[in-house]
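Following: one structure in structure tokens, then a few remarks.
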Amino acid sequence: MEIKVEPKAMEIKVEAKTMEIKVEEEATIIKIHQDIPVATVRKTKEEEEQPLSPAARVFHAPEFNCYVITVIGVKKKIEADVVIEGLKQTLIRHPRFSSKMVNKTNKNKQTQRWVRTNVVVNDHVIVPDIQTQNIENANADKFLESYVSDLTVVSLDISKPLWELHLLDLKTSDAENVAVLKFHHSLGDGMSLMALVLACMRKTSNPDELPTLPYQNRSSSGSSRLTGGSMSGFRFLWLFTVLWSTIMLVLNTICDALRFIATAIFLKDTKTPIKGDYRLSKTKRMSLVHLTVSLDDIKLIKTTMKMTVNDVVLGVTQAGLSQYLEKKYGEKKKKIVGEDQEYKSNSNEMPKRIRLRSALLINLRPTTGIQDLADMMDKGSKCRWGNMIGYIVFPFSIGLRKDPLEHLGTAKRIIDRKKNSLEAALTFIIGKFMIKAFGVKVTVNLLNRVLSNTTMSFSNLIGPIEEISFFGHPITYMAPSVYGHPHALTMHFQSYMNKMTISLTVDPTVISNPHQLLDDWEESLRTIKTAVQERGSTYQDSRLS
């Protein structure tokens with residue numbers, strides 16, 4: 001550091017803790033020159049170092065080393081310099097993205113802490129040299145899938161903040177260029193990370209405005225709109241409803257807790273063509289694929305059937321899984337009987353009773369707003385952050401149905417019951433208690449056992465309703481997913497404008513053709529949409545007659 005002082009009487013005080021220079025003299029000019037990046041922010045020791053949360057410690061365990069990968073398609077050729085400059089002004093100003101994970105030993109006890117560091121953005125942005133002359137359309141899509149798959153076997157360098165961005169000059173079937181974000185899951189839960197990514201983006205129509213998420217219409221209930229007189233008349237009914245809801249909440253929570261314990265001890269899902277065995281396995285190379293469908297089709301079903309988008313997505317997923325498994329079991333049967341023998345391809349070869357459950361990830365912390373995160377990066381303000389995740393074990397009812405709308409009804413009944421339960425909060429509390437009482441290793445073993453005895457993971461996130469840009473690059477789709485947990489199949493749904501992108505993370509040794517599963521999901525959506533439209537037209541005809 002070089003300090004130049006004009007020749008005037010002055011006093012300089014240097015405080016050792018903050019390295020802050022105080023000048024006590026009017027009209028005194030001081031010029032300070034130091035080689036510190038603009039993005040560097042002075043913090044106190046307490047802000048410089050923070051312990052890892054219990055969930056973050058779990059995600060750093062070798063048996064549960066989880067990462068979040070988000071593939072972003074854009075409409076124009078990516079300008080790396082523009083993106084790097086944008087990251088300097090946004091992402092690295094977030095404490096987690098400017099901190100590295102450090103193992104420290106204190107009194108023979110090892111702790112893990114986040115330690116702030118100077119971030120060299122160029123070290124985190126990778127621009128591979130891709131020879132695109134002979135890569136077109138389908139080949140480009142396969143190249144992208146292979147590239148992202150390669151990332152699943154490469155760990156991030158823990159000597160730096162745990163994130164990186166890959167900028168691919170690659171034209172695919174649905175994007176002009178592609179960006180791939182890779183985060184370690186210990187940085188935050190999926191909802192927080194996606195909110196942070198969105199806070200770095202702006203509307204294409206107005207580069208000064210943040211993305212807009214769909215308005216969650218939480219209209220008050222009918223009872224809340226009643227007048228004082230009518231409330232007194234319905235007071236007994238209201239009290240009975242509250243008591244009954246409380247009783248059902250307690251009973252549902254107890255039943256879910258017992259099922260959770262049973263799953264941890266002995267209750268396993270049926271061995272199906274989509275269930276992997278991760279009890280003794282190590283890190284595997286995973287495949288990530290995605291498909292984009294019309295969100296308007298999903299909303300049409302939602303409105304007609306008086307459901308939520310999540311209800312529809314779960315119902316279509318159940319139908320798609322049933323269709324996929326029926327084909328896979330049919331292929332097995334065909335191989336057994338032989339090609340030269342009679343085979344009825346339309347027969348249902350699936351077992352009559354299949355136990356197939358999914359771990360639904362639930363964010364228990366109130367959602368951090370995009371504006372709050374933008375203020376954090378712009379003004380240094382504070383907001384909620386971290387991993388606060390619970391699980392719901394959701395049982396899919398697998399089987400072919402004559403009426404495809406039965407899948408919607410079954411999924412809605414199950415998820416409505418799950419909403420009237422504290423299962424997600426209970427799993428989070430159990431996890432925190434296990435870490436404090438028995439340590440990370442025992443907790444990870446329990447979590448691995450529970451997830452290994454189920455079949456898949458499932459999550460759904462709401463995205464912007466208008467087109468947004470990634471540092472001046474208009475986005476066509478976003479396909480986030482996660483890997484590192486003991487499941488051969490993870491399904492993630494991300495809405496954006498009038499589209500829904502389905503991302504699959506699969507173990508290719510278990511599910512060799514994930515595109516077939518995506519095709520079956522899309523076909524199930526079409527079938528259910530047609531059934532909804534037919535039912536709607538039949539209802540209208542009956543009213544007219």
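The values are calculated or read from the model by the stated rules, or taken from the named source; none is laboratory data. Bear in mind the structure is a predicted one, so any value in this text is a computation, not a measurement. We place every Cβ from the backbone using ideal geometry, glycine too, and count neighbours over all the protein chains shown. When the accessible area is computed, the model is the full protein with side chains, heavy atoms only, and any ligands, DNA or RNA have been set aside. Shrake-Rupley method; radii C 1.70, N 1.55, O 1.52, S 1.80 Å.
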Q: Exactly one condition in (1) assigned to a loop (DSSP other than H, G, I, E, B); (2) under 27 Å from ILE389 (Cα atoms) is not met by SER149; state its number.
A: (1)
Q.
Out of PRO161, PRO211, I need the residue that is modelled with pLDDT under 95, part of a loop (DSSP other than H, G, I, E, B) and either at positive phi or within 22 Å of the chain's Cα centre (by Cα) (or both). Which one?
A. PRO211
**Q.** Residues being modelled with pLDDT under 50, part of a helix (DSSP H, G or I) and either hydrophobic (A, V, I, L, M, F, W, C) or surrounded by 11 or more Cβ atoms within 10 Å (Cβ to Cβ) (or both) - total across region 216-258
**A.** 3
**Q.** Residues located in region 147-177, provided they are crowded, with 23+ Cβ neighbours inside 10 Å, in contact with a helix residue (DSSP H, G or I) (Cβ under 6 Å, 6 or more places away or on another chain) and farther than 23 Å from VAL102 by Cα
**A.** THR172
Q.
Residue under question is LYS412, and the condition is that it be charged (D, E, K, R), closer than 23 Å to VAL293 by Cα and open to solvent by 20 Å² or more (accessible area, probe 1.4 Å); does it hold?
A. yes
Q. Which one is least open to solvent (accessible area, probe 1.4 Å), of the residues in region 415-434 that are out of contact with any strand residue (DSSP E or B) (no Cβ under 6 Å at 6 or more places or on another chain) and under 17 Å from VAL312 (Cβ atoms)?
A. ILE415
Q.
When you check GLU331 against the structure, is it closer than 16 Å to PRO514 by Cα, modelled with pLDDT of 90 or more and not polar (S, T, N, Q), yes or no?
A. no
Q. Which of the helices (runs of 4 or more DSSP H) contained wholly in region 1-104 include at least 2 residues that are open to solvent by 80 Å² or more (accessible area, probe 1.4 Å) and either touching a strand residue (DSSP E or B) at 6+ places or on another chain (Cβ under 9 Å) or at pLDDT below 90 (or both)?
A. 45-48
Q: Residue by residue through region 348-369, note down the ones that are modelled with pLDDT under 75 and open to solvent by less than 30 Å² (accessible area, probe 1.4 Å).
A: ARG365, THR368, GLY369
Q: Please state which of the following conditions GLY439 fails to meet, knowing it meets all the rest: (1) at positive phi; (2) open to solvent by 30 Å² or more (accessible area, probe 1.4 Å).
A: (2)
Q | Selected residue (criterion: modelled with the highest pLDDT) from residues of region 259-302 that are among the β-branched types (Val, Ile, Thr) and surrounded by fewer than 17 Cβ atoms within 10 Å (Cβ to Cβ) | A | THR270
